[in-house]
1. For residue A:165, all conditions in the list (1) more than 14 Å from every other protein chain (Cβ to nearest Cβ); (2) assigned to a loop (DSSP other than H, G, I, E, B) hold save one; what is the number of the exception?
2. Can we say residue B:223 is modelled with pLDDT under 95 and surrounded by fewer than 18 Cβ atoms within 10 Å (Cβ to Cβ)?
3. Answer yes or no as to whether residue B:206 is crowded, with 18+ Cβ neighbours inside 10 Å, away from the ligand (no atom under 15 Å from the Cβ) and closer than 26 Å to residue B:269 by Cβ.
4. Does region B:3-17 contain any residue that is facing chain A (nearest Cβ under 10 Å) and either surrounded by fewer than 19 Cβ atoms within 10 Å (Cβ to Cβ) or among the small types (Gly, Ala, Ser) (or both)?
5. Of the residues that sit in region B:169-189 and are under 26 Å from residue B:93 (Cα atoms) and of a type in the set (A, V, I, L, M), which one is surrounded by the most Cβ atoms within 10 Å (Cβ to Cβ)?
6. Those residues that are in contact (Cβ under 8 Å) with a residue 40 or more places away in the chain and over 15 Å from residue B:262 (Cβ atoms), I need them from region B:303-328; list them, please.
7. Test residue B:29 against the criterion of being away from the ligand (no atom under 13 Å from the Cβ) and touching a strand residue (DSSP E or B) at 6+ places or on another chain (Cβ under 6 Å), and give yes or no.
8. Please verify whether region B:237-255 includes one or more residues that are touching a Lys or Arg at 6+ places or on another chain (Cβ under 9 Å), away from the ligand (no atom under 14 Å from the Cβ), within 14 Å of chain A (Cβ to nearest Cβ) and of a type in the set (D, E, K, R).
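The values are calculated or read from the model by the stated rules, or taken from the named source; none is laboratory data. It should be emphasised that the depicted structure is a prediction, and the values quoted were computed from it without experimental measurement. Ideal geometry is used to build each Cβ from the backbone, glycine not excepted, and the neighbour counts take in all protein chains shown.
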Amino acid sequence: MPISSESVLVTLVVALPAEAGPLKNFFQLKPLRATNNVFQSDQGIRLLVTGVGRKNLNHSFARFARTEFAKESQQVSPAWLNIGIAGHRELAVGEMMVANKISCAVSAQPSFPTPVLSANHYGEVLTVDEPELTYPQNAAYDMEAHAFWDMALNYGMLDLIQCCKLISDNPHGGVEKITTAVIDEIFCAASYEIRQHVDLLRNLAYEQQHLMSDPALYLEIADRIHLNVNQALQIRRLCQRFVTLNRESELEALLATGYHSARDLTQILRESLKSAVKVTEE
Amino acid sequence: MKFSAVYIERAIAEHELTQRIIARVSETPVITIDRYGEVFNRAGQNFRIQKRAPALILAKKHGKTVLPAPEGYGFEQGRGFYFSHMLNCLYDCRYCFLQGMYRSAHYVLFVNYEDFMAGIDAEALSHDEGTVFYSGYDCDSLAMEPISAFCESFIPFFANRPASILEVRTKSTQVRQLLDFQPIDNCVVAMSFTPEAASKRWEHKVPNLSKRLQAMKKLQRSGWKIAVRFEPVIGEAGVEAEYERLFSQTFSVLSADELHSVSLGEFRLPAQFHKNLVKLYPDEDLLARETVQHDGMLSLAAGGEALLEALEDRLFSYVDRSRYYRCA
Ligand code: SF4
C-alpha cells in the first residue's frame, strides 16, 4: 500500500549511477534540487548515490549532512538500505543476499544488522578497498557496506539499517563482465524482492515515525505558549496519555477553558487524569 | 518454533546443547559472534521492532549463575535463589518488565547448564535450612522446552537433590516433557493467570486460559506439585467480578486442596522500566494510566491494598489461607 509521506522514511544508498538507474525507475525518484546525487519521491523514499568505495561514501554522507534537507529532522529517514552489486564465491550471478554480518578487511569490528528482511540467502558482507578477484571467504565482497553502516548509524534507527547485495560476479563470471547493461538486468530481475524490502522498511519506519510524532493538541499548545524543555516533555506526555486513553475530547474541552501558564496547564491536565481513577464494580 | 537467525558465541559452538539446537533449526541462518553482548546489549535497538521476528542467541553464562531471590518472591519454604538460563520470552505480554529491562527482544539461551547446576549445588551446600531455586525470572521456563531442553536437563538434576526445591514459572502449555518424567516431590510448576479479558488484551501469543488450565490439570493428575499465581492484578472497573470468574474457572478445573500454593500480586515494575515501556508503546492504554510510585517501583493508582484485600477475600472462599502468600 503506498504511503504518501511528506517526510523521508527510507534512504537507499548505492555506489554506482548504474545501480541508481533502475531504482529511480522502480520508485519514481526525481533529482532533489541543488544536488546532483540525491533523488527523491513523494512516497517517502530517497536515493543517495555515493560513488565507489568507503572514502567516496563517507564524503557523500558528509556532503549530504551539510545540506538543508539533512538538517530538518523529518528529512532524515529512520530506515536506510544499502543495495549494490557484490562478488561471491558460491552464489550465482543475479542472486540477492541480505547481510546478517558486515565486516571490513581493515577493521576488526563486525556489525550485525537486525534480521528484519526475509530472503533466500543471508550471509556476511565483507567490505574491501580493491575489487576481490579470488573470493577467499564465503562472503559477499563489496566496497561500501561497512562504511555505510557506520554512517547510517548516525541518522537512522539501528534495527532499520539494512544491507542487501545482488551478486554480479563469482569464480565463473568475473568482474570484467560487469557492464551498465548487466547491472540493469540484475536489478530489474530482482525488482520484486527490492520492492518488498523497501516496502517493509517503509512501513516499519512509518509506524515508528507515527509513534514518535507529537499529538496535534500538544502542537497547538506549543504554538500558543512558551515551554521550556522540561515543560514541553511533561505536557507532551500528558497530551499523549489523553489521546491513548481515548479522552481527546476531554483534553480539548480543558484547553478551551483556558490556562495562564505552562505550570498551570500541567497542573490542570494532571488533576484531570488523576480524578478519573477509580475501581468500581460494574 | 521459528527464529529469524541464530547467533552463536564461538566459545560454545561445539557445546552439546548448541549442536542439538542447530540440528533442530537447520533452516535458520547461523551467525558466529564473540560475545552475546555485541548483539544483545547494543544501544539504540528497538524491542518492539525486534519482537516481530526475534533471533535466538546461544551463549555462555559467565560469573555468578545463581542469585538471591528478591524478598517475597515465592512461598516461604527456605532460602530463595533464582537463576536465568534464558533472557526474554516467546510470549509478548504488554505489561512485561523484560521489555523495559533489555535493549533487545532476541532470546538469549545460556547453554552451559552444567555451570548453573554447579551454582545451585554451591548454594544448596552452604545453606542448611533448605533452598528454593526459582527459574523463569527473566523468561518463561517451559515455553521453549523443545529447543532449550530445560526440564529434560534440570528435572533429573533436582530428582537427585531432594533437599532443594525447584520452582518453574510459566504461562506455557509445554508440559509434555514433564509428563514423560516421574513426578518429583521437590519441583513446583507455577502458572500465572490473569482474567480472560485481560489475557486476551495484553498477553499476546500466550495460550488461552482453558488450555493452560488443562495443562495444569494434567500435571496435577499425574502427581506434579502445581501452584497458581494470580498476577499481575491490573486494577480497573469490573476487575473484582473478572477475578471471581477466574477463581471459579480455575478451581473448577484444578483441585484447590492439592495445590502447592496460591498467590496474588499487583502489577508493579521499576519506574525506569515503565519509562522504557512507555517509549516503546506510547499508544498502549495500560501504560498511559495513572500510576503511583513507592521506593522506585510504579504500580497502577487504580489498584492497591483495598483491591488486593477484596480479591483475597474472594480467593479464600476457594483456597485455604495456609497455602496463600501475597507476592511482593
Ligand atoms: S509470559 Fe511472563 S516473561 Fe513472558 S512475556 Fe509474559 S510476562 Fe513476560
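1. Of the numbered conditions (1) more than 14 Å from every other protein chain (Cβ to nearest Cβ); (2) assigned to a loop (DSSP other than H, G, I, E, B), the odd one out for residue A:165 is (2).
2. no
3. Judged against the criteria, residue B:206 is not a match.
4. Yes, the conditions are met somewhere in region B:3-17.
5. B:189
6. B:303, B:304, B:307, B:310, B:328
7. Details: away from the ligand (no atom under 13 Å from the Cβ): yes; touching a strand residue (DSSP E or B) at 6+ places or on another chain (Cβ under 6 Å): yes.
Considered against the rule, which asks whether it is away from the ligand (no atom under 13 Å from the Cβ) and touching a strand residue (DSSP E or B) at 6+ places or on another chain (Cβ under 6 Å), residue B:29 comes out as yes.
8. Yes - at least one qualifying residue is present in region B:237-255.
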